[in-house]
1. Taking the solvent-accessible surface of protein heavy atoms with a 1.4 Å probe, what is the per residue accessible area of the range 342-468 in Å²?
2. With +1 on each Lys and Arg Cβ and -1 on each Asp and Glu Cβ, how big is the dipole of the range 421-461 about its Cα centre, in debye rounded to the nearest 20?
3. Near the amide H of L429, under 5 Å away, which other amide H atoms are found, from residues 5 or more places off or on another chain, if H is placed in the peptide plane?
4. Using each residue's phi in the range 344-352, evaluate 6.51 cos²θ - 1.76 cosθ + 1.60 at θ = phi - 60° and report the 3J(HN,Hα) Karplus result to the nearest Hz, with x for Gly and Pro.
5. Please list 420-433, 33-46, 167-180 highest first by mean number of surrounding beta-carbon atoms within 10 Å per residue.
6. Looking at the chain, I'd like the Rg to Rh ratio, where Rg is from alpha-carbon atoms and Rh is Kirkwood's inverse mean 1/r.
7. Could you tell me the calculated FRET efficiency between A270 and Q352, based on Cβ-Cβ distance and R0 = 51 angstrom, to the nearest 0.05?
8. Principal axes first, then extents: for the Cα atoms of the range 393-439, list largest minus smallest coordinate on each axis, whole Å, largest first.
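The values are calculated or read from the model by the stated rules, or taken from the named source; none is laboratory data. The structure displayed is predicted, hence computed values, not measured ones. Every residue, glycine as well, gets a Cβ built from its backbone with ideal geometry; the counts of neighbours run over all protein chains shown. Remember, those area values only see protein heavy atoms, side chains included, never the ligands or the DNA or RNA. Shrake-Rupley method; radii C 1.70, N 1.55, O 1.52, S 1.80 Å.
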Amino acid sequence: MSHRVPLALALAVITGLPALAVSTKFPDFTPLTSSALPLPVDGPDEAIPITLPNPKWSQRTVADRRTQNNLVINSNSGAWDMITSNETGPGAGRYLFMPFETGSAGVQRVDLQNPHYEQRTVTIVAPGTQGFVSGDASRWTPWGGYLTAEESWGTGSVKGRLFEVTNPITAGPNGGDFVWRTIVPRVSHEGLAFDENNAMYFVDELNGGSIYKYVSTNPDATSGDDYFASGQTFALRVGAGGQFEGNNGPAIIGAAAWVAITNPTGGALAGISTLLPDGTIDGRAAADDNDVRATGYNRPEDMVLQTLADGTQLLYFATTDSDVNNSGADGTSRVYNLNLSTNEVRLFAAPQSTDVATGSPVGGSLRNADNLAIDAEGNIYIVEDRGGGSDDDIWFAADWNKDGDLLDADEGLARWASNGAQGSEFTGLYFDLRNPNRAFVNIQHPSSDVDRLIEISASPQYQQGNKP
């Protein structure tokens with residue numbers, strides 16, 4: 001088996017198209033055979049902390065937390081999380097947005113066209129606005145707003161809220177119009193995704209959390225006020241429902257159905273919806289109702305949509321803590337996909353998947369799969385959450401024929417990047433809309449407390465490590 005991952009050649013063989021039809025160079029690499037060694041805390045190498053699998057690629061710091069707080073004291077609470085850009089409208093792809101996953105959370109915007117390092121990043125939602133905590137979710141909307149949400153669950157469910165910044169492009173410092181979208185049931189949020197019909201998918205990041213879908217009465221709305229004015233939320237039930245992966249259970253796959261947990265306009269559904277004291281709906285309790293029996297996954301986190309050549313959309317979601325034997329030593333976590341046309345859930349990746357570099361199962365090298373990303377050619381990337389001192393890697397899913405599984409010859413997982421910054425984790429891998437050979441990833445909560453936004457380039461414009 002070749003240890004090279006040549007996407008262009010693979011697609012040419014499968015489709016009969018010339019290799020030049022492929023525009024991204026990111027799948028052209030030699031898989032890493034081990035994880036990065038730890039770097040000195042707050043040393044100069046923290047500006048370029050990623051071990052990359054291709055010597056022609058480069059990395060550089062685009063923004064860092066220390067600089068932001070030196071410019072405006074206490075403006076940046078850190079723990080930079082999921083990344084998205086302005087994916088529609090004039091200047092699409094110019095800006096990056098990300099929330100702070102802290103007890104006093106906010107949102108920042110990065111202008112990729114601003115050549116001045118100390119000017120390109122601005123906090124548009126001040127830390128702690130409206131009691132916002134644990135900002136995690138990060139998604140551009142079809143109408144041009146920016147969504148984030150709380151990966152938090154308080155007693156009586158005082159958190160778990162979804163917010164929209166309705167003026168993400170024009171907001172000045174602390175000037176984001178931050179609107180709580182109360183129609184969406186409260187859960188511990190992370191992944192968000194919109195399908196081709198503008199239905200919005202989300203998760204409850206819990207050991208036993210469910211997958212949800214919100215369907216607006218006005219899916220083609222041109223504002224968040226209209227989109228979230230009326231709509232129905234559903235929870236996913238696989239088979240008979242009520243299952244839970246746990247730390248010692250098989251993958252939960254098969255035919256699925258969406259079961260309503262609100263009425264068609266977003267209000268309480270008699271006998272199913274659980275209302276909280278403020279009148280909002282507890283999405284977790286509603287999913288567990290005996291008439292719903294939503295399927296419980298083991299900490300579902302990020303999600304991403306992939307559109308196949310025939311137009312079919314697959315919704316991928318990662319489950320961080322799932323296991324088959326209650327032992328993390330031989331690997332944890334799974335990645336599933338849900339076919340939105342057939343409502344079938346399939347297993348995509350797990351520790352039992354083949355390591356392309358060795359031909360053996362990935363095993364304990366894959367742990368705590370958290371974030372998911374998709375590049376310009378529709379390839380899926382799996383980002384680990386460093387937990388318990390484990391390694392922190394990004395894996396490329398070599399699904400050459402794009403059929404939503406890794407079971408064919410030469411398919412499997414390949415270690416694509418590894419993070420050496422101590423105490424940190426990769427978060428928010430995001431591939432540039434305008435440049436298929438540029439990606440961004442956050443180095444979150446390192447021991448140095450200097451969160452960083454790193455650009456990875458497969459066609460370097462700058463020398464490694466330069467900040468311009």
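1. Per-residue value: 32 Å².
2. Numbers: 3 positive and 5 negative charges, 39 e Å.
Roughly 180 debye, rounded to the nearest 20.
3. For L429, whose amide H was placed from the backbone, the distant partners under 5 Å are N442.
4. 9, 9, 10, 7, 9, 8, 6, x, 7
5. Numbers: 420-433: 22.6, 33-46: 14.4, 167-180: 16.7.
Put in order of decreasing packing, that is 420-433, 167-180, 33-46.
6. That ratio equals 0.94.
7. My answer for the efficiency is 0.70.
8. So the three principal-axis extents are 36, 28, 14 Å.
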